[in-house]
Amino acid sequence: MSEAELPNTPARGAASVPVVRHSEDMPVAADGSEQKRTEPLSVALGLLGSIQNAIIPVLLVAFSNRGEGYALIAGLGIGAVIVIFGGFFSYLRWRKLTYTVREQDIRVESGVISRTARSVPFERIQDVSLEQKLLPRLFGLVAVKFETGAGGGEDLSLAYLTEDEGERLRQVVRERRESRDSAAQVADGEEAPPVTKEEPAQTLFAMDQRRVLTFGLFNFSLAVVAVLAGFTQQFDFLLPFDLWDFDAWEERLVGQSDMLAALGPSAQIAGGVIAALSLIALGIATGLIRTSLREWSFLLERTPRGFRRRRGLLTKTDVVMPIHRVQGIKIGTRFIRYRFGWHGLKFISLAQDAGAANHDVAPFAKLSEIEPIVVEAGFHMPGEDAEWHRASENYRTDSMIVDSVFFIIAAMVAGTALSIFAPEWFVPVVLILIGLAVVSAAAALYSWQFKRHALDSTQIMARSGVFSPSSQIATRLKLHSVEISRGPIAQRRGYASLHFGLAGGEFSIPGIPVERARAVRKAVLETIAATDFSQLENV
């Protein structure tokens, strides 16, 4: 049997993995480990990406002279050059990128002109996620992402592997990581954790098509208007009229206004209603499309390795979040959703979710559906006996002043200017600004009643929000630090802000009386001091 036909040897203590055969020209690392390349079809995807990148330059050149002369030929020539060079460099990148799964780490070498090599120990890898965008999905390929929690784009990524190889690689990395954790515990004189039998996944939360579409109705968005405006600005030369001819626009608007005036009040009202309904329909359609693309077939499962979340229509993602990596939870809603009892649940985790610091685990659910997930994550919802504390009354007063001072200053400045240049506008403008100052102060007073926090034996909780309330919960033993901060005003007024060191997120409670802040800090620090962080992953 040739060396290329030998099966991969799993790490000691890891389960066996499928045999994967490689061509004989694959390089071999210095320690004898076999270096592997991504799928050759990755070159084809790179070529398709080059074609996509060539579209805009081709249009810019081809229509720069309204299609006259040799502009079209020049545009096609530039596009061909971009595609050829893009495909060539795509092949070079594929040829020069190799990855090696070794006994202690995974190593990725890449670079065409300057070579880079990065090794990440298994114990530093927090999660291995799979992502399928539309084109790779058509080819049966996935992008494998190794999340280290380093942030700043420092995570490893392999694009692209076959679906089977991606799943196999994820399994191997997890098993070798667990094997090394067990060996480390034995070396420290502790008992190795028992080998857990793989149990079937338990569905915690799922959204069918009806739930996703209902979610989309609450995600009203006019982002498409901004996209069309940006596209029009970039490609105004393709339009049959001059977009920036303001005199022509004025003539069109005057003509339209004359026509509307001739139709009468009823037709004008009907036209305004139709325009408003059209804008609302556009916003609803945009929300439905965006939500469906992101949340389609949403499924959250409880597996022996943690929480597994799968979702997406065109881009499918498959993420597993180990329970011990969940540092805190957030429960939020919005103004209209709250009236119908809909909330969203997010996990604050060391790993990132598509650039966000938090993982959506139940983006559109009732509180009765959220509570079991919270319990599975090792938290609990606040009980009726929870002892809630408000912020300081001095903080409330200062917030009222700060929120209204902008409008008061604006009223003074505007009043001075109007009294000189437009006295007839002095009274209405000043009254409006003073009214806004009063409203801001009243809003700060009202919202203060809903800013509360509570501390029990295991976790700390905070609530805020009037029309769209939100809650944040953190386990005391997973907090890294507690900081009390006081600005110049807070020092004189006797209150402070608490900042908790929470890996993967932020947790702050502003405006607490100093005595209460010190008591909370003392209680949390006692929990931190009594925690054996070497055993934290077993919690």
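State whether one or more residues within the stretch 63-78 are touching a Phe, Trp or Tyr at 6+ places or on another chain (Cβ under 9 Å) and modelled with pLDDT of 85 or more.
no
Going by the conditions given, is Val413 at pLDDT below 95, farther than 30 Å from Gln472 by Cα, hydrophobic (A, V, I, L, M, F, W, C) and buried (at least 17 other Cβ atoms within 10 Å of the Cβ)?
Details: at pLDDT below 95: yes; farther than 30 Å from Gln472 by Cα: yes; hydrophobic (A, V, I, L, M, F, W, C): yes; buried (at least 17 other Cβ atoms within 10 Å of the Cβ): no.
So Val413 fails the test.
For the stretch 366-380, check the following and say yes or no: at least one residue is touching a Lys or Arg at 6+ places or on another chain (Cβ under 9 Å) and surrounded by 18 or more Cβ atoms within 10 Å (Cβ to Cβ).
yes
Condition first: more than 16 Å from Asn394 (Cβ to Cβ), without any contact (Cβ under 8 Å) to a residue 40 or more places away in the chain and assigned to a helix (DSSP H, G or I). Can you find one or more residues in the stretch 471-480 that meet it? Quick ask: steps written out before the conclusion?
The first filter runs over the stretch 471-480 and keeps only residues more than 16 Å from Asn394 (Cβ to Cβ), leaving 471-480.
Of the ones still in play, those that are also without any contact (Cβ under 8 Å) to a residue 40 or more places away in the chain are none.
Looking through the stretch 471-480, none of the residues is more than 16 Å from Asn394 (Cβ to Cβ), without any contact (Cβ under 8 Å) to a residue 40 or more places away in the chain and assigned to a helix (DSSP H, G or I).
Only one of (1) within 30 Å of Tyr338 (Cβ to Cβ); (2) modelled with pLDDT of 90 or more; (3) part of a strand (DSSP E or B); (4) open to solvent by 20 Å² or more (accessible area, probe 1.4 Å) is not met by Glu506, so which one is it?
So the condition that Glu506 fails would be (2).
Can you name every residue in the stretch 103-141 that is over 25 Å from the mean Cα position of the chain (by Cα), open to solvent by less than 50 Å² (accessible area, probe 1.4 Å), within 15 Å of Arg177 (Cβ to Cβ) and touching a residue at least 60 places away in the same chain (Cβ under 8 Å)?
Passing the criteria: only Ile106.
What's the number of the condition Arg290 fails, among (1) of a type in the set (D, E, K, R); (2) closer than 29 Å to Pro382 by Cα; (3) outside any strand (DSSP E or B)?
Only one criterion is unmet by Arg290, namely (2).
Output the residues belonging to the stretch 286-296 that are out of contact with any Lys or Arg (no Cβ under 6 Å at 6 or more places or on another chain) and touching a residue at least 24 places away in the same chain (Cβ under 8 Å). So that I can check it myself, show each step before the final result.
Step one: filter the stretch 286-296 for residues out of contact with any Lys or Arg (no Cβ under 6 Å at 6 or more places or on another chain), giving 286-294, 296.
Hits for the stretch 286-296 are Thr286, Gly287, Leu288, Ile289, Arg290, Thr291, Ser292, Trp296.
Can you tell me which of Arg180, Arg176, Arg137 is charged (D, E, K, R), at pLDDT 85 or above and assigned to a helix (DSSP H, G or I)? Please lay out each step first, then the result.
Numbers: Arg180 fails: at pLDDT 85 or above; Arg176 fails: at pLDDT 85 or above.
Only one candidate passes the filter, namely Arg137.
Write out, first by first residue and then by second, each pair whose Cβ atoms fall under 7 Å of each other, whose residues are 6+ apart or on separate chains, and whose first residue, in the stretch 270-283, is under 18 Å from Phe220 (Cα atoms) while the second is aromatic (Phe, Trp, Tyr).
Once the first residue is under 18 Å from Phe220 (Cα atoms) and sits in the stretch 270-283, its partners that are aromatic (Phe, Trp, Tyr) give Gly283/Phe220.
Enumerate the pairs (first residue in the stretch 357-384 and free of Cβ contacts under 8 Å to residues at least 12 places away in the same chain; second residue anywhere and open to solvent by 40 Å² or more (accessible area, probe 1.4 Å) and not in a helix (DSSP H, G or I)) with beta-carbon separation below 6 Å, excluding pairs fewer than 6 apart on the same chain, so at least 6 apart or on different chains.
Glu371/Met381
Does the stretch 110-127 hold any residues that are at pLDDT 85 or above and under 20 Å from Arg310 (Cβ atoms), and which are they?
The answer is none; no residue qualifies.
Do you know which residues across the stretch 293-317 are part of a helix (DSSP H, G or I) and either surrounded by 18 or more Cβ atoms within 10 Å (Cβ to Cβ) or touching a helix residue (DSSP H, G or I) at 6+ places or on another chain (Cβ under 7 Å) (or both)?
First, the residues of the stretch 293-317 that are part of a helix (DSSP H, G or I): 293-295.
Hits for the stretch 293-317 are Arg294, Glu295.
Count, please, the residues in the stretch 443-464 that happen to be in contact (Cβ under 8 Å) with a residue 24 or more places away in the chain, over 21 Å from Ala517 (Cα atoms) and either under 25 Å from the mean Cα position of the chain (by Cα) or open to solvent by 50 Å² or more (accessible area, probe 1.4 Å) (or both).
The total comes to 2.
Mind checking which residues of the stretch 371-395 are touching a strand residue (DSSP E or B) at 6+ places or on another chain (Cβ under 9 Å), in a loop (DSSP other than H, G, I, E, B) and over 11 Å from Met461 (Cβ atoms)?
Selection gives Ala377, Gly378, Ala391, Ser392.
The values are calculated or read from the model by the stated rules, or taken from the named source; none is laboratory data. As the structure is a prediction and not an experimental result, all values here were calculated from the model. Neighbour counts run over all protein chains shown; Cβ positions are idealised from the backbone, glycine included. With ligands, DNA and RNA removed, areas are computed over all heavy atoms of the protein, side chains included. Shrake-Rupley method; radii C 1.70, N 1.55, O 1.52, S 1.80 Å.
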